[in-house]
Amino acid sequence: MKISKSLKRVIFWELGIPVALLVIGIYHGLMQTIYRAGVLNDSSFLHLDYYQGLTLHGVINAVVLTTFFAVAFGHATMTFFLKREPGKKNTWISFWLMTIGIVMAAWAMLSGKASVLYTFYPPLKGHPFFYLGAALLIIGSWLPLIEWVKMYRAWKKENPTTKTPLAVLGTLINFIIWLVCTLAVAYEVLAMLLPWSMGLTGINVTLARTLFWFFGHALVYFWLLPAYIMFYVMLPKLAGGKLYSDLAGRIALFLFLLFSVPVGVHHQFSDPGIRQGVKFFHGLLTFGVAIPSFITAFTLAASLEYAGRQRGAKGWFGWMGRLPYFDTGKYLFAYFICGLILFVFGGLTGIVNASYSLNNVVHNTSWMPGHFHMTVAGPVFLAIIGMSTHLYATLSGKKIFMPRINVIIPYLWLIGVLIFSAGLMWGGLQGEPRRTNLGTSYLNPKSPLFTPEWVPTTTLALLGGIIMFVAGMLFIVVFFGTMFRKKQLPAVLDLPVSEAYHDEPRVPLFDRFKPWLVVMGVIIVIAYVPAIFDANKNSGPAAPRFSPASPLPETTTTIK
Ligand code: HAS
């Protein structure tokens with residue numbers, strides 16, 4: 001379909017800005033593996049400090065890229081399926097708020113004044129601009145939901161008995177989760193971190209962490225759901241088949257609405273301020289949030305099996321060999337399937353993390369980045385970059401630059417991440433810490449702390465990191481190469497859409513938000529009131545501000 005120039009432009013900017021920033025994000029990913037393998041024995045390289053680089057890596061890749069993309073993809077899906085556009089003014093205000101936010105945060109990070117990592121845990125202090133920038137990014141990303149709800153209501157009035165398109169349902173659910181979870185982090189940032197970073201107050205560290213993780217685990221599903229929308233709505237069609245069950249997709253999406261938020265304390269199993277019962281309950285709900293992914297795994301596998309058989313496959317597993325892995329015309333398939341293969345391992349390691357006792361073994365070790373590179377840097381990253389290329393190319397009417405390389409990128413990335421994560425997880429099981437410049441200590445042969453057991457693990461991670469870096473840079477070349485080509489095709493908004501194999505009749509419960517929102521609210525209250533009560537009660541004295549450069553607080557004056 002054709003869309004207005006204004007909407008097209010905003011989508012281009014929202015795809016292009018984070019992809020350009022990705023060059024910095026990916027570079028610092030490679031640098032991490034170099035420091036950690038002991039190739040560098042310094043605390044900085046080219047005037048950029050280790051923690052500064054790690055902050056840039058996490059913030060750009062996991063926060064900026066994902067948020068900008070979710071908004072751009074939301075505009076695309078809502079417009080495509082509802083056949084109407086979001087309001088121009090609101091769309092641009094949202095874009096500018098997000099952009100000003102990242103400029104402020106980027107200044108703070110690049111000038112070395114906010115090396116606080118993407119979790120910005122106090123008592124490590126960042127520049128007020130970092131927190132303000134994060135708040136603007138979040139507020140900007142809320143605005144499109146207002147437009148999308150208006151569009152949805154207008155569509156629903158005209159189509160009261162038609163099932164809501166799956167992509168529309170997914171987008172609305174995702175941004176409702178986002179709105180709810182970001183309320184907590186907005187409070188943390190504006191009411192706690194900002195005044196504290198200006199030296200006006202002390203801070204309750206446990207409460208800040210609890211509010212962060214109220215947001216933080218729902219955040220990972222905010223990353224994941226755009227990918228899930230692509231898997232349910234587009235993947236079966238690209239594979240040459242049908243979605244096995246439309247209702248299964250709806251059930252999975254609504255389950256995310258219930259379980260994405262009330263699980264955050266599973267990141268705080270080792271925090272002493274929160275009682276065991278609360279941790280156990282969040283642990284239990286974490287197994288609940290894995291259910292929609294299990295439903296997805298079986299539904300997608302059945303859809304792919306059907307596609308393989310349509311293409312003439314025989315036997316139990318013959319379908320796996322009949323899928324369009326290297327079809328340059330269906331390159332999105334390659335991005336999606338590689339993401340799904342990674343997610344099998346990402347999901348299984350997530351279940352390990354969620355197990356209260358096993359978590360003690362892996363928490364804060366390099367196992368953790370092993371897990372999350374097979375989730376956020378797996379299905380999420382691959383879906384984002386594949387779809388960014390697709391949206392840009394179709395909306396601008398340009399042919400893909402280097403189509404063969406484009407279809408190979410996800411396989412290269414898959415191999416890189418598997419090697420990289422294997423190294424990290426192997427090391428993690430031997431106690432290798434995360435977020436540590438091993439090159440200045442444990443991987444420096446001149447240091448008394450030198451730990452030879454971590455030589456093979458970090459070398460493996462370095463090898464994987466180099467492969468990932470090459471794949472990432474090839475993507476940058478393909479994306480910007482496509483951008484600089486001449487227009488040769490009609491410029492349209494075009495998304496592949498699968499038919500359903502079982503297109504179940506409309507079940508009103510799975511087409512309405514109210515009952516689910518009520519249950520969501522109840523579970524959140526039950527899970528989080530005791531957690532916040534504990535965080536308030538057991539917090540200890542208010543903490544002063546620290547910088548990464550010194551173990552001593554920045555100020556010794558007494559604070560309230
Ligand atoms: Fe996680 C920590 C538990 C999913 C990201 N997670 C993290 C952190 C990040 C992250 C970034 O319980 C680190 C945060 C930090 O900096 O401290 N995670 C889980 C669980 C799940 C899970 C139970 N995580 C994700 C997703 C992420 C993500 C998704 C990003 C997008 N995670 C944890 C826990 C921690 C944690 C603890 C804290 C640990 C600690 O101590 O700090 C579940 O949602 C996973 C369910 C997934 C599945 C897999 C389904 C498989 C599918 C693929 C099917 C394949 C097909 C292809 C069909 C059950 C859908 C077949 C075709 C062929 C041809 C083969």
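Here are a few things to note about the model shown:
- Test set (1) β-branched (Val, Ile, Thr); (2) within 16 Å of the ligand (Cβ to nearest atom); (3) farther than 30 Å from Gly308 by Cβ - Thr440 fails condition number: (2)
- In the range 494-526, residue surrounded by the most Cβ atoms within 10 Å (Cβ to Cβ) [restricted to those that are over 27 Å from the mean Cα position of the chain (by Cα) and touching a residue at least 60 places away in the same chain (Cβ under 8 Å)]: Ala500
- Residues in the range 371-405 that are of a type in the set (Ser, Thr, Tyr) and either near the ligand (Cβ under 10 Å from one of its atoms) or out of contact with any helix residue (DSSP H, G or I) (no Cβ under 7 Å at 6 or more places or on another chain) (or both): Thr375, Thr394, Ser396.
- Residue match in the range 292-299 (condition: surrounded by 15 or more Cβ atoms within 10 Å (Cβ to Cβ) and touching a strand residue (DSSP E or B) at 6+ places or on another chain (Cβ under 7 Å)): yes
Listed here are the residues, each with its yes/no results for (1) modelled with pLDDT of 95 or more; (2) away from the ligand (no atom under 15 Å from the Cβ); (3) of a type in the set (Ser, Thr, Tyr).
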| residue | (1), (2), (3) |
| --- | --- |
| Leu190 | no, yes, no |
| Leu200 | no, yes, no |
| Thr210 | yes, no, yes |
| Phe214 | yes, no, no |
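- Matching residues, the range 459-507, being part of a loop (DSSP other than H, G, I, E, B) and farther than 29 Å from Gly397 by Cα: Asp503, Glu504, Pro505, Arg506, Val507
- Test for Ser94: is it in a helix (DSSP H, G or I), touching a Lys or Arg at 6+ places or on another chain (Cβ under 6 Å) and at pLDDT 95 or above: no
- Scanning the range 321-360 for residues that are open to solvent by 60 Å² or more (accessible area, probe 1.4 Å), among the hydrophobic types (A, V, I, L, M, F, W, C), more than 6 Å from the ligand (Cβ to nearest atom) and farther than 27 Å from Pro272 by Cα gives Phe326, Phe345.
- The lone criterion from (1) of a type outside the set (Val, Ile, Thr); (2) without any contact (Cβ under 8 Å) to a residue 60 or more places away in the chain; (3) touching a His at 6+ places or on another chain (Cβ under 9 Å) left unmet by Phe129 is number (3).
- Residue-level check: of (1) in contact (Cβ under 8 Å) with a residue 24 or more places away in the chain; (2) out of contact with any Phe, Trp or Tyr (no Cβ under 6 Å at 6 or more places or on another chain), Phe45 misses just (1).
- Matching residues in the range 165-201 - criterion: being polar (S, T, N, Q) and within 17 Å of Phe256 (Cα to Cα): Thr171, Asn174, Thr182
- Comparison of Ala290, Ala301 shows that the only residue that is near the ligand (Cβ under 8 Å from one of its atoms) and free of Cβ contacts under 8 Å to residues at least 12 places away in the same chain is Ala301.
- With respect to the conditions (1) in contact with a strand residue (DSSP E or B) (Cβ under 7 Å, 6 or more places away or on another chain); (2) open to solvent by 30 Å² or more (accessible area, probe 1.4 Å); (3) within 9 Å of the ligand (Cβ to nearest atom), Tyr306 falls short on a single one, namely (3).
- When restricted to residues that are open to solvent by 40 Å² or more (accessible area, probe 1.4 Å) and within 13 Å of the ligand (Cβ to nearest atom), the range 260-279 contains 2.
- Restricting attention to the range 403-454, the residues being among the aliphatic types (A, V, I, L, M), farther than 22 Å from Gly378 by Cβ and open to solvent by 60 Å² or more (accessible area, probe 1.4 Å) number 1.
- Pairing each residue of the range 371-395 that is open to solvent by less than 10 Å² (accessible area, probe 1.4 Å) with any residue that is among the small types (Gly, Ala, Ser) and not in a helix (DSSP H, G or I), provided the two are 6+ apart or on different chains, yields C-beta distances under 9 Å for Leu395/Ala491.
- Listed here are the helices (runs of 4 or more DSSP H) enclosed by the range 303-404 that have at least 1 residues being modelled with pLDDT under 95: 356-362.
- Helices (runs of 4 or more DSSP H) contained in the range 97-214 and holding at least 1 residues farther than 30 Å from Phe533 by Cα: 128-158, 166-187
The values are calculated or read from the model by the stated rules, or taken from the named source; none is laboratory data. None of these values were measured; they are calculated from a predicted model. As a convention, Cβ positions derive from the backbone with ideal geometry for all residues, glycine included, and neighbour counts pool all protein chains shown. The protein model used for the area step is the full one, side chains on, heavy atoms only, and it has no ligands, DNA or RNA in it. Shrake-Rupley method; radii C 1.70, N 1.55, O 1.52, S 1.80 Å.
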